[in-house]
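Okay, so here's the structure we're looking at.
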Amino acid sequence: MKALLIDDHPLILSGLQSIMQGLDEEVAVVCVETARAARETLAANSEFDLVLLDLQLGDSSGFGLLTELREAYPSISVVVVSSSDANEDVSRAIYLGAMGFIPKRASNEILFEALHKVMSGDIYVPPMIMRTHSSPRAGERRNDEGWSLRHEGIPAADPTTARAQAASLGLTPRQTDVLQLLLQGQSNKLIARALNLSVETIKDHVAAVLRTLNVSTRTQAVLAVSQMSNGGPPLARSDARRA
């Protein structure tokens, strides 16, 4: 796994790097302090699985850079790590396609757990935000480690229905296989292993699936297929960009 950390505070970068390396001994971490350096790094080599992004960068708006990253590198998971935990910032980041939002004031244990969830394909949102926007229903789980939206906040798509929907959209059998694994939260590396294909080939298939669904992020793809599988129409482009 390869991660890019973007933060203009060297101490924060050092701490995040230590936590990332503690998650997986095989993780490779690259640290940059500016949006410009992030753009140059990705332009030179886009083979990253995860980006941790601070919203307060000296040379750019974090939200602006998030939008750029989601447009240019849709297969890379982006997680916002910010000193802000304002509801509007969290909601905006998720709407723009972030796979998670982690307040910097969170404990190392929470940060570790949140990153583990994201690396497993879940979407992490701070628990106080979910408490603000909804109350628990019967059978729902919530704790101080936040919510796993892929399993709890987004209705699961029935696999048989999802495959039928994929066929109706004109996806190839291989793209349909990729979509089903994507809906399970599998990373490109795990999808490649399951289908005995290269990671580069999987990235091409993921990009094709996102284009077909008329969305720009994996999060939006899950929402779109869930909505279709539960009787709703596909997300329009304008809706997808807000999802």
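Computed from the coordinates by the stated procedures, all read-outs in this text should not be read as laboratory data. Keep in mind that this is a model prediction, so the values were computed, not measured. Cβ sites come from the backbone with ideal geometry, for glycine too, and all protein chains shown count toward neighbours.
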Q.
Roughly how far apart, in whole Å, are the Cα centres of region 49-120 and region 179-193?
A. 21
Q) Counting Lys +1, Arg +1, Asp -1, Glu -1, what net charge surrounds Phe101 among other residues with beta carbon under 10 Å of its beta carbon? A) -1
Q.
What distance in nm lies between label points placed 7 Å from Cα along the C-beta direction at Ala194 and Arg36?
A. 4.2
Q) R0 = 51 Å: FRET efficiency of Gln21 with Ser168, Cβ-based, nearest 0.05? A) 0.70
(Q) Just to confirm a number: summing +1 for Lys and Arg and -1 for Asp and Glu over residues other than Glu200 whose beta-carbon lies under 15 angstrom from that of Glu200, what do you get? (A) +2
